[in-house]
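Presented below is the structure to which this report refers.
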Amino acid sequence: MCASHVFPSPGPKAELEEGTVLTPRFGPDGLVTCVTTDAATGELLMVAHMNADALAKTLETGEAWYWSRSRGELWHKGATSGQVQTVVEMRVDCDQDALWLKVTVAGDGGCCHTGRRSCFYRKVVRQDGTPALVFG
């Protein structure tokens, strides 16, 4: 995965935490985690990853682009499903190694490839001392 877009290298801790320059800290795999929520409701929709190219395309187009680890390619969310995510706001965490997108979703408003609104449609509970997944 070679990123053609280059962001400035992260500087000292004080610049990361208090500066005004976006200098994302991509991991050794070239990715940064991205949490995506509904801009109107705050509902958690999905967690994905971006490489430098995905982040650059998101900033350029105003629509969410991710790096698909399973397919090994850039992924324009909604390109095939119609569930395009328009970015209302983008935030970066204190040390610039995670992003938060607040989006509106086109189409039927779903985000999960299973057809659900959110990728987080199951709860982890303990049943008879064993972790189990329940819907809802």
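The numbers here are math on the coordinates, done by the rules we state, and not lab data. This one's a predicted model, so the numbers in the text were calculated from it and none came from an experiment. Here Cβ is always computed from backbone atoms with ideal geometry, including for glycine, and neighbour counts include all displayed protein chains.
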Gain on full stretching of the segment that runs from residue 33 to residue 134 - 0.36 nm per residue minus C-alpha separation
33.8 nm
Share of Cα-Cα pairs in the chain beyond 20 Å, in percent?
50 percent
With unit charges on the beta carbons (Lys and Arg positive, Asp and Glu negative) and the dipole taken about the Cα centre of region 64-112, which residue among 105, 94, 82 sits farthest to the positive side?
82
How far, in degrees from 0 to 90, does helix 52-61 lean away from the longest principal axis of the Cα atoms of the chain, to the nearest 10?
90 degrees
Given +1 on the Cβ of Lys and Arg, -1 on the Cβ of Asp and Glu, and no further charges, what dipole in debye does region 30-92 carry about its Cα centre, rounded to the nearest 20?
180 debye
Across the chain, where is the longest run that never hits trypsin sites (Lys or Arg not before Pro) in a DSSP loop with at most 14 other C-beta atoms within 10 Å?
1-68
